[in-house]
Amino acid sequence: MGITGFTLPTMHRWIRSERGLKATMHPYQNGHFLGSGEAAFVLEEAGLNGQSQYEAVKRFLA
């Protein structure tokens, strides 16, 4: 599993398993380009805020 501010293909070098790639978090994981505004809101929209990361890691480890 990885977490990146770039696109998913960027992670192919480090994340080799299909499971890891599916769990990797990236800005386009929700299927749309992000809006603009304060960083905290953009990260939340992307699903990359702290709480979202915590929940994703818990799911991956379960």
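Can you tell me which of 29-40, 44-55 comes out highest on packing, and rank the rest after it, using the mean Cβ neighbours within 10 Å?
Taking the mean over residues of other Cβ atoms within 10 Å, the ranking is 44-55, 29-40.
Just flag the trypsin sites (Lys or Arg not before Pro) in the chain sitting in loop per DSSP whose Cβ has no more than 13 other Cβ atoms within 10 Å. Don't skip to the answer; put the middle values down first.
Details: sites: R13, R16, R19, K22, K58, R59; in loops: R16.
Of the trypsin sites (Lys or Arg not before Pro), the ones in loops of the chain whose Cβ has at most 13 other Cβ atoms within 10 Å are R16.
What does the extension gain come out to for Q51 and F33, with contour length at 0.36 nm per residue minus their alpha carbon separation? Mind dumping the intermediate values first?
Values: separation 18, 0.36 × 18 = 6.48 nm, distance 2.06 nm.
Full extension from Q51 to F33 adds 4.4 nm.
Using helices alone, what [θ] at 222 nm do you get for the chain, with -39,500 (n - 2.57) per DSSP H run of 4 or more residues, divided over all residues and rounded to the nearest 500?
Values: 3 runs with 26 residues, N = 62.
Helix-only estimate at 222 nm: -11500 deg cm²/dmol.
Along the charge dipole of the chain, which of N49, M1, Y28 sits closest to the positive end, that is, farthest toward it, with unit charges on the beta carbon of Lys, Arg, Asp and Glu (+1, +1, -1, -1)?
M1
A short reminder: the numbers here are calculations on the coordinates, not readings from a lab. Computed from a predicted model, the values in this text were never measured in an experiment. Reconstructed Cβ throughout: ideal geometry from the backbone, glycine too, with neighbour counts over all protein chains shown.
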